[in-house]
Amino acid sequence: MPSETERCFPALRLSAWIMDSLSPNFSSARAWCVPCLVSLDTLQELCRKEKLTCKSIGITKRNLNNYEVEYLCDYKVVKDMEYYLVKWKGWPDSTNTWEPLQNLKCPLLLQQFSNDKHNYLSQVKKGKAITLKENHRALKPAVAEYIVKKAKQRIALQRWQDELNRRKTHKGMIFVENTVDLEGPPSDFYYINEYKPAPGISLVNEATFGCSCRDCFFEKCCPAEAGVLLAYNKNQQIKIPPGTPIYECNSRCQCGPDCPNRIVQKGTQYSLCIFRTSNGCGWGVKTLVKIKRMSFVMEYVGEVITSEEAERRGQLYDNKGITYLFDLDYESDEFTVDAARYGNVSHFVNHSCDPNLQVFNVFIDNLDTRLPRIALFSTRTINAGEELTFDYQMKGSGDVSSDSIDHSPAKKRARTVCKCGAVTCRGYLN
């Protein structure tokens, strides 16, 4: 007897039969699934269209015929009565209906509709209040088309925001915002929380020894064993100069999670927003809360590759005008971090010639000096709403001289014009 999901989607049942026939082990271990490339909303629309129930995707007999406004598509006036074209959540576009204003109980969607209409007119009509044709009785098709695109973008960005927050392991929340254009989520970006080694590269993530301090702030702790100073003061602010490595307590240490030498490993503590910039720099990142000077903000993570592979990818990225290559050159130039496809919030941080973030090399469980973790600390107080930036020519030593360009975090062989707008702008990213 097929399950409810299998009746909705016979391919799942067929796949299960194939897997069972390939190996007897599968018949005793049925806890597997087949990833679906279709969105949940599309599956729900198919179910409702075919009058099928499927608990796995949230369609039951009780809500099979539910109608909830997803967004508003169009507007018209008929016999002095206002109507809106409604897209119903979980239903295909073919079921859209015109509904009188008095029947709609969605003030937020109505306000968004009005705002989107106003924004379109501000861009295209330069503020002129010419929104309707036929004696103000219907929207122009171009206006309605823009409103629908904006609504779909808003939904896509919300889904992306939810996905980012499901994947992140740090305390700080991630928000997404685009009030500039119709750009949606990146199509080929996967959020990760730590380095992802490329095939053939081994990351040893377990230290061989640790401290036995009762109070790491006053005793001879991991930094002293490595021949450097403890990186933080009592306010969890970094007190060492750029170029000095950070050695934090690791999984072998006997100190607890409240140890003052465990900062970077706790992850981002601040709520950050990935937002669309208005100066042509694409996506950027801003903080939603005040960040004190010399505070840890985020790590730069991505796929760890060899320098040879980085050179090959760099040529391809140059042709596309993008690159996210960050050389791990603390003591050698053997490995590079590529955050183009795999990364965290730092993937979206823009360059500035006068940045508010500084790069530091960090060692925690992995003490291989060829593979430091890259941490970004604030250089000054950063106010809520301010964009976060770091210098793409900035090395862990803080060197931004012309000699450092070939070893810069963002390898760009073609000259790229800088748009940071800083008084000290060098004119180019490289």
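The values are calculated or read from the model by the stated rules, or taken from the named source; none is laboratory data. All values reported here derive from a predicted model rather than from experimental measurement. Methodologically, a virtual Cβ is constructed for each residue, glycine included, from the backbone with ideal geometry; neighbour enumeration extends over all protein chains shown.
The figures follow:
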| read-out | value |
| --- | --- |
| Pairs where the first residue, in the stretch 89-107, is in contact (Cβ under 8 Å) with a residue 40 or more places away in the chain and the second is part of a loop (DSSP other than H, G, I, E, B) and among the acidic types (Asp, Glu), C-beta under 8 Å, 6+ apart | Lys89/Glu68; Gly90/Glu68 |
| Residue match in the stretch 223-230 (condition: over 16 Å from Leu272 (Cβ atoms), at pLDDT 95 or above and charged (D, E, K, R)) | no |
| Candidate set: the stretch 316-334, residues that are over 21 Å from the mean Cα position of the chain (by Cα) and under 22 Å from Trp283 (Cα atoms); chosen: the one surrounded by the most Cβ atoms within 10 Å (Cβ to Cβ) | Asp318 |
| Any hit, the stretch 382-394, residues being touching a Phe, Trp or Tyr at 6+ places or on another chain (Cβ under 7 Å), farther than 30 Å from Cys259 by Cα, modelled with pLDDT under 85 and surrounded by 23 or more Cβ atoms within 10 Å (Cβ to Cβ) | no |
| Criterion: surrounded by 13 or more Cβ atoms within 10 Å (Cβ to Cβ) and without any contact (Cβ under 8 Å) to a residue 40 or more places away in the chain - qualifying residue of Arg276, Arg313 | Arg313 |
| Qualifying residues in the stretch 89-143 (those that are at pLDDT below 95 and in a strand (DSSP E or B)) - the one surrounded by the most Cβ atoms within 10 Å (Cβ to Cβ) | Leu139 |
| Qualifying positions in the stretch 342-354 - at pLDDT 95 or above and not hydrophobic (A, V, I, L, M, F, W, C) | Tyr342, Gly343, Asn344, Ser346, His347 |
| Residue count for the stretch 190-237, restricted to those that are exposed (fewer than 15 other Cβ atoms within 10 Å of the Cβ), among the aromatic types (Phe, Trp, Tyr), part of a loop (DSSP other than H, G, I, E, B) and in contact (Cβ under 8 Å) with a residue 40 or more places away in the chain | 2 |
| Failed item, numbered, when Pro257 is tested on (1) surrounded by 16 or more Cβ atoms within 10 Å (Cβ to Cβ); (2) farther than 14 Å from Leu357 by Cα | (1) |
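Residue-wise test of (1) more than 30 Å from Ile147 (Cβ to Cβ); (2) at pLDDT below 50; (3) not assigned by TED's automatic domain parsing to the domain that holds Asn103.
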{"site": "Ala11", "(1), (2), (3)": "yes, yes, yes"}
{"site": "Ser27", "(1), (2), (3)": "yes, yes, yes"}
{"site": "Ala31", "(1), (2), (3)": "yes, no, yes"}
{"site": "Thr42", "(1), (2), (3)": "no, no, yes"}
{"site": "Lys49", "(1), (2), (3)": "no, no, yes"}
{"site": "Leu52", "(1), (2), (3)": "yes, no, yes"}
{"site": "Leu64", "(1), (2), (3)": "no, no, yes"}
